[in-house]
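The values are calculated or read from the model by the stated rules, or taken from the named source; none is laboratory data. Just so we're clear, the structure is a prediction, and the values are computed from it rather than from any experiment. Cβ placement follows ideal geometry from the backbone for every residue including glycine, while neighbour counts extend to all protein chains displayed.
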Amino acid sequence: MSVAERGTTEHGPSDGQLWSRARRGNPAAFGELFTRHSHLVYSFCFRLTASWKTAEDLTTVVFLEAWRRRSSAAAEQDAVVPWLLGIASQVARNSTRAVRRHRHILAKLPPAVIDDGLQENPAARAESEQQMQEILRVFRRLPQREQEVLALCVWGERTAAEAAIALGIPVGTVRSRLTRAHEHLRNLAEAAAQQTKPRAAMRPQPTREAT
């Protein structure tokens, strides 16, 4: 995790200082927060949707929502990034509705310039989306609450304390949900393995020609 993600930088204001200015209506400070953390939000949204285009739109929506809620949010220091990912979790639950709600603003804004390393390789982008769709098919079999903590702690690379900030729940609740999520994933993996065994046994075995 980068130093900037933790809310401090070697040169320049911390996330907390920028957020304090942004809450007072300073667009330049908010723009710096976008520059620092938009790629993390973008990657997180991609993992929740398996679509680079949707992730791009949702990244813009997340920061639009953050700006809209800035006066009522008390995110300080290390809490800025978890708070942004918490918004991302909310808007990704119904990405179509979230994008539709902001469609007029999105139409007026230029696309968020976020380099995912695959811009010049459509085939690789399509392959990564397909792979993520396969992962999400399993992931979405978990209860919603377990999906949220697992996504934040694994894909968002947040600690239990940071996930608690993002979701507005106690740290102990995050840890218990995370434990249950891992147990459910293990059970799903074991069930999938059991299903493949009969199929393998039913495959015709090669026969040797008589000599």
| request: Assess whether Trp52 counts as being in contact with a Leu (Cβ under 9 Å, 6 or more places away or on another chain) and surrounded by fewer than 23 Cβ atoms within 10 Å (Cβ to Cβ). | output: yes
| Which of the residues spanning the stretch 170-206 are modelled with pLDDT of 95 or more and of a type in the set (Lys, Arg)? | Arg175, Arg177, Arg180
| said: So Ala75 ticks every box in (1) touching a Pro at 6+ places or on another chain (Cβ under 9 Å); (2) modelled with pLDDT of 90 or more but one. Which box is left unticked? | reply: (2)
| Odd one out for Thr8, checked against (1) modelled with pLDDT of 90 or more; (2) surrounded by fewer than 17 Cβ atoms within 10 Å (Cβ to Cβ) | (1)
| query | Within the stretch 145-159, restricting attention to residues that are surrounded by fewer than 19 Cβ atoms within 10 Å (Cβ to Cβ) and without any contact (Cβ under 8 Å) to a residue 40 or more places away in the chain, which residue is nearest to the chain's Cα centre (by Cα)? | reply | Val154
| remark: Expected single match for on the phi < 0 side of the Ramachandran plot and at pLDDT 95 or above among Leu150, Leu109 is Leu150
| remark: All-but-one check, Phe139 against (1) surrounded by 19 or more Cβ atoms within 10 Å (Cβ to Cβ); (2) modelled with pLDDT under 75, failing number (2)
| query | Within the bounds of the stretch 71-85, is there any residue that is in contact with a helix residue (DSSP H, G or I) (Cβ under 8 Å, 6 or more places away or on another chain), buried (at least 21 other Cβ atoms within 10 Å of the Cβ) and over 19 Å from Glu162 (Cα atoms)? | reply | no
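Hey, among Glu129, Glu134, which residue is at pLDDT 80 or above, within 28 Å of Ala189 (Cα to Cα) and in contact with a helix residue (DSSP H, G or I) (Cβ under 7 Å, 6 or more places away or on another chain)?
Numbers: Glu134 fails: in contact with a helix residue (DSSP H, G or I) (Cβ under 7 Å, 6 or more places away or on another chain).
It is Glu129.
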| Given (1) under 11 Å from the mean Cα position of the chain (by Cα); (2) buried (at least 17 other Cβ atoms within 10 Å of the Cβ), where does Asp57 come up short, assuming only one miss? | (1)
